[in-house]
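Below is one structure, written out as structure tokens; comments come after it.
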Amino acid sequence: MSFQRVQEKLNILADAAKYDVSCSSSGSNRTNKNKGLGDASASGICHTYTEDGRCVSLLKILLTNHCIFDCAYCVTRKSNDIKRAAFKVQEVVDLTMNFYRRNYIEGLFLSSGIFKSADYTMERLVAVAKKLRLEENFNGYIHLKSIPGASDELMREAGLYADRLSVNIEIPTEKGLKLLAPDKNRADFIKPMEKVKNEIIQYKSEKKIIRSTPKYAPAGQSTQMIVGASGENDMQIMYTSNYFYKNFNLKRVYYSGYVPISYDTRLPQIGTPVPMLRENRLYQTDWLLRFYGFNIEEILNEQNQSLDLDIDPKLGWALRNMHEFPVDINKADKRMLARIPGLGMKSVFKILNARRYRQLNWDHLKAIGVAFNRAQYFMVCASNQFEKRDLTPEKIKGLILQNSKSKYTSMLSNQLNLFG
Amino acid sequence: METTLVYDGTFDGFLTCVFMAYEMKLKAVSIVKEKHFQEPMFGNWDLVNTEPDKANRVWAGLKKKMSANELQRFYYAFLSEKPTVENTIYQAILYVFQSKNNVASDFGNVHILQLSKLTKNVSREKHRMEAFVRFKLTKDGIYFANIEPDFNVLPLIKRHFEKRYADQKWLIYDLSRKYGIYYNLESVELISLELDRNFDPSKTSTEFFAPIELEFQQLWQDYFKSTNIKSRKNMKLHIQHVPKRYWKYLSEKQ
């Protein structure tokens, strides 16, 4: 391996891959075999964090940034004048093995620009994973991109070596996609996703009968949407997300605030701030759907098409549904506890355990770590001190904002100014 | 009157103290490590010899009262090495033995809650060490890493590294506690090292490390830089995830 050439390629191809936000290494159950290298950690490990605060868990690179497509939002689009490079299969294998041996990474996340054809590209990605698994006995995490348009046979093979597969739908609506990536259509993204979904189901059911059935993409599938590039509102984004969770059994949908990289007039101009706060609210909503038992229609609907920026979506929901409150901490079921603003699932778990032994009062709840500032307006406990005033939702919101300091305060005033 | 029980600092030693406190029917007990012990002005004190049999009996007794997960919290909390951790655990154990039902998850009890908080601290440190260990290939082919964790987590991370790095010799050394775990391709052993006087744990000198080691560190540093998105810079979040005290042994932060 020639150090200098690999160094140059790594710089170009890691830089090009960084807009893919997924870096998760969790959810796989692959174990070390035959005293080889690696063992997937079910919870995933972030080995370091970049200065933008994002987790670095995998060696995330493109195999090449040569691409035959010209999607406006993408930094490796054909018409962009940038340095191009391509890794050899062996170079990626060597980098992965040596980074892994030093405990820098959990594994490899390999994506690629499309060169020649979808199948030609997918074949190279599969070749890297295959070599790592079969020749190097590597049992760490491998995340491969499913290339839209790749053949079913290649997708099947990919799943045998990879822990996770993903296709980024990137643009939440078909209309946006038409505008920004006229060469692509939604059906091309969906086909490999559908294939992988069906294979996962099939391998799982076969495994129940024949234990030696190999693993197939044990960490499932994920996708990513760009936020703030093509004018969609939060409702459109989250309904699309919900559609993919429901219909393709996705493990994760990622939301990536658009980082302006182009002077294309169809897109936000360079220098426009990345919508990080909006991205954060979308993730909070995603969590409410996956872990807190909310339905998407409760949070976003025709009357509320956008998430509040100044308060979190659960608080927003609570303020619109004051008839559900106050909740009695010592009696309510898990579902309702999880709906109280200021209570996370860990607090809910502790409350459910602790209240078996005694009636809980404010002191217990504070010690457990409930966010009192938000929770106090929505609950009662074993204490005669509770919010007795008949406050309007607006008043409560005002009181909460007054007594809290959001890490987004400065950003919030900026963004609010932007929208007038 | 309070009795102070002094022990050698091992978990078995601590459990032996718990056994003795029960056997001697002591009312008020304080348990301290030998190295932290100062003779009290009032009250009695006693040096307790570690007896694995007695320790095992206490442990087996606890095991009957709770789930495996809950039991594990007692060991994790102990490894925090916090000055009064022995008394927190002792109080929690008393509460568990006094109660008929399983109270190990009664987070309304101040000792149980404190225990679970310590456990959380220790597990976080364990997880961090699984992430922040940076192996460097030595001239004699051993992947070597030095760490200085806040808590004594080597016993907890052993299994993780053993399962993962089965085909390479490796050594993780705790510089502040002066012991390490070494995997010899067969099994993991505890070792202590006489570090060379010229050895600087925050540097990678070719006196000790393989030349190729520097190349991979360079590639890793490059990768770390390339994967950052400048327009999203957020140092506060960065430092929250990678606290500064860990930086000196992270090659990407040099």
*asked:* Against the conditions (1) out of contact with any Lys or Arg (no Cβ under 6 Å at 6 or more places or on another chain); (2) facing chain B (nearest Cβ under 9 Å); (3) closer than 17 Å to residue A:98 by Cα, where does residue A:31 fall short? Just the number, please.
replied: (3)
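If you scan the stretch A:114-156, which residues turn out to be assigned to a strand (DSSP E or B) and touching a helix residue (DSSP H, G or I) at 6+ places or on another chain (Cβ under 9 Å)? Walk me through how you get there before you give the answer.
Taking the stretch A:114-156 as the starting set, the residues that turn out to be assigned to a strand (DSSP E or B) are A:138, A:141-145.
If the condition is that a residue be assigned to a strand (DSSP E or B) and touching a helix residue (DSSP H, G or I) at 6+ places or on another chain (Cβ under 9 Å), then A:138, A:142, A:144, A:145 are the ones that fit.
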*Do you know which of the residues in the stretch B:91-122 that are hydroxyl-bearing (Ser, Thr, Tyr) and farther than 21 Å from residue B:19 by Cβ is modelled with the highest pLDDT?*
B:119
*Starting from the stretch A:340-356, keep only residues that are farther than 9 Å from residue A:368 by Cα, then list their pairs with residues that are of a type in the set (Phe, Trp, Tyr) and surrounded by fewer than 21 Cβ atoms within 10 Å (Cβ to Cβ) whose Cβ atoms are within a distance under 6 Å, requiring at least 6 positions of separation or different chains.*
A:345/A:291
*Any chance the stretch A:98-109 includes a residue that's surrounded by fewer than 17 Cβ atoms within 10 Å (Cβ to Cβ) and in contact (Cβ under 8 Å) with a residue 60 or more places away in the chain?*
no
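Scan the stretch B:240-254 for residues that are part of a loop (DSSP other than H, G, I, E, B) and facing another protein chain (nearest Cβ under 8 Å) and jot them down.
Step one: of the stretch B:240-254, the residues part of a loop (DSSP other than H, G, I, E, B) are B:242-243, B:250, B:254.
Selection gives B:242, B:250.
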*Run down A:365, A:352, A:337, A:319 and say which single residue is within 12 Å of chain B (Cβ to nearest Cβ) and modelled with pLDDT of 95 or more.*
A:352
*Do you know which residues across the stretch A:11-54 are at pLDDT 90 or above, surrounded by fewer than 23 Cβ atoms within 10 Å (Cβ to Cβ) and either in contact with a Phe, Trp or Tyr (Cβ under 6 Å, 6 or more places away or on another chain) or not assigned by TED's automatic domain parsing to the domain that holds residue A:224 (or both)?*
A:14, A:37
_So, in the stretch B:184-210, how many residues would count as being within 22 Å of the chain's Cα centre (by Cα) and under 22 Å from residue B:250 (Cβ atoms)?_
4
*In the stretch A:309-358, which residues are under 24 Å from the mean Cα position of the chain (by Cα), within 23 Å of residue B:110 (Cα to Cα) and in a loop (DSSP other than H, G, I, E, B)?*
A:342, A:343, A:344
*Among the residues of the stretch A:44-77, how many are more than 8 Å from chain B (Cβ to nearest Cβ) and in a loop (DSSP other than H, G, I, E, B)?*
16
*Tell me which residues, restricted to the stretch B:199-217, are more than 11 Å from chain A (Cβ to nearest Cβ) and either within 16 Å of residue A:101 (Cα to Cα) or surrounded by fewer than 17 Cβ atoms within 10 Å (Cβ to Cβ) (or both).*
B:199, B:200, B:201, B:202, B:203, B:205, B:206, B:207, B:209, B:210
*Within the stretch B:218-229, is even one residue more than 8 Å from chain A (Cβ to nearest Cβ), at pLDDT 95 or above, part of a helix (DSSP H, G or I) and under 30 Å from the mean Cα position of the chain (by Cα)?*
yes
_One residue from A:142, A:105 being within 22 Å of residue B:131 (Cα to Cα), within 14 Å of chain B (Cβ to nearest Cβ) and β-branched (Val, Ile, Thr)_ = A:105
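Examine the stretch A:378-389 for a residue that is within 11 Å of chain B (Cβ to nearest Cβ) and either touching a residue at least 24 places away in the same chain (Cβ under 8 Å) or surrounded by fewer than 15 Cβ atoms within 10 Å (Cβ to Cβ) (or both), and state whether such a residue exists.
Filtering the stretch A:378-389 down to residues within 11 Å of chain B (Cβ to nearest Cβ) leaves A:382.
Now narrow it down to the ones that are either touching a residue at least 24 places away in the same chain (Cβ under 8 Å) or surrounded by fewer than 15 Cβ atoms within 10 Å (Cβ to Cβ) (or both): A:382.
Yes, that holds for at least one residue.
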*Just give me the residues in the stretch A:182-222 being under 27 Å from residue A:79 (Cα atoms) and touching a residue at least 60 places away in the same chain (Cβ under 8 Å), in sequence order.*
A:183, A:184
*Is one or more of the residues making up the stretch B:215-229 of a type in the set (S, T, N, Q), more than 26 Å from residue A:62 (Cβ to Cβ) and touching a residue at least 24 places away in the same chain (Cβ under 8 Å)?*
no
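The values are calculated or read from the model by the stated rules, or taken from the named source; none is laboratory data. All of these numbers come straight from a predicted model, not from anything done at the bench. Using ideal geometry, Cβ is built from the backbone for each residue, glycine included, and neighbour counts are taken over all protein chains shown.
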